[in-house]
1. What list do you get for B:37, A:49, B:67 if you sort them by fewest beta carbons within 10 Å?
2. Scan chain A and report its longest stretch carrying no GluC sites (Glu not before Pro) that are both in a DSSP loop and have at most 16 other Cβ atoms within 10 Å.
3. How many angstrom lie between the Cα centre of the range A:231-257 and the Cα centre of the range B:20-51?
4. Where the centre of each part is set by its Cα atoms, how far does the range B:55-116 sit from the range A:148-203, in angstrom?
5. Skipping prolines and chain starts, which residues have an amide H placed within reach, meaning under 5 Å, of the one on residue A:148, given they are 5 or more residues away or on another chain?
6. Give me, ordered by chain and number, the residues 5 or more places off residue A:175 or on other chains with an amide H under 5 Å from its own placed amide H.
7. Rank the residues B:69, B:39 as a footprinting-exposure proxy: fewest other Cβ atoms within 10 Å of their Cβ go first.
8. Multiplying the sequence separation of residue A:105 and residue A:61 by 0.36 nm and subtracting their Cα-Cα distance, what value in nm do you get?
Amino acid sequence: MLAVALSLVLMVLDHRFAHLQQLRNTLAFLTYPLHLMADLPVTTGRWLTKATATRSQLVDENQTLRSLNLKLNAELQKFESLQAENIRLRNLLDASYKVGDRVLIAELSAVDLDPYKQQVVINKGGASGVYEGQAVLDAEAVMGQVIQVTPFSSTVLLITDPSHSIPVQVLRSGLRTIAVGSGRINELNLPYLPTNSDVQEGDLLVTSGLGGKFPSGYPVARVTQVNRAPDNAFAQITAEPAAHLDRSREVLVVWSVTSASSFENETQEAMPEPDEDAAEATTEETQ
Amino acid sequence: MSSRSVWIMAIVFMLALLLMILPMPEWARPFRPQWVTLTLIYWCIALPHRVGVGTGFSLGILLDVLTGTLLGQHALGLSVVAFLSVQLHARIRVFPFWQQALAVLVLLVVEHLFALWVMGAIGQTPPGLTYWLVPLIGAVLWPWIFVTLRDVRRRFKVT
């Protein structure tokens, strides 16, 4: 009876308030060895593949990466001039803009969590400066946000979890709304747009930066279906996440840095504290 | 209870917890048997004076933290299952295997019912029908789990 009452109290506290986060983090740290053990077979397998890779495979891979690097660098040249232009224009408008984002590369741990919640575990935690509420991206788009941090690992809630909402903007029309997770790994819902709003199939949704959790301007999803029933006040819109939520192995944890117009002076100050993983962190400039 | 018995039991429970988070292919994930519940039921039946509601509750909390569910969701179900198994241990012990499996099926369903109730209460999308296949898989596995754990218990003289 006592145990039942205690579990009920715990559930209410955990659901309604944030008091138990500390307890959760401590327990998660204690059970971290179990996570490591579960992850071990996959890690060993990957290490074996790496250790037994032949020379020709490595040369091939090297070549592919080299050509990809060249292509990306070429694209970056254009991007840099565009960015300079953007900063100039924003200066004319006296508007604030984002200075840059610092990212940290983390890897997904091969650990299965509750199958009815959309969460993943990554192998970077508080020791690398990861904090609760931080945005997580993959190479394509936004994946989710950090909800639990232990020193060496953290749990990420994916944008498709039904308890997750993300403020977005339709890139084509600038329309702002909120995308809510559906519980299915390949679907987001946009329940708050009126039937006559300017949304089409194929529209790209990007983060709007409102709400302060996600940095603005990152792609989130692409609209797949717009259903305007005349008897409904709101259109039923679904979108497909642009990130490979079920396939990515490497993810990026983002620190966004915003500042007012005199950015040269503040860039250095606004940067978060460097940590021992600073070697892995790079600075990306985005407008 | 000797400290060795405690260690053996702790290792068995750790293995069960490990099985709950071991990566499985995407299609198989909803069918993962309730390893922790099955192990808990065995120890409750075998050593009802040692293992009980307290063990169930602590295991549940650990499982909640490990799998990222609401703190207390598994703890509630496992406490109730532990209570029921301790109450029924004398009866379940003398059952033949298939009848034991049926009793265990009921206990597993009870655990899932509590979990489902919690999911509904916090507004999580209710899982599909495959959810109810999981206790069935657990019941089918029961004879093997029972024999394995009984051998472990006799071999290491856990009392």
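No value in this document is a laboratory result; all are computed from the given coordinates. Since we're looking at a predicted model, the values are computed, not measured. For neighbour counting, all protein chains shown are included, and Cβ atoms are generated from backbone atoms with ideal geometry for every residue, glycine included.
1. The most exposed by this proxy come first: A:49, B:67, B:37.
2. Counting at most 16 other Cβ atoms within 10 Å as exposed, the longest clean stretch of chain A is A:1-131.
3. The range A:231-257 and the range B:20-51 have Cα centres spaced 34 Å from each other.
4. After rounding, the separation between the Cα centres reads 37 Å.
5. A:155
6. A:170
7. B:39, B:69
8. 13.8 nm
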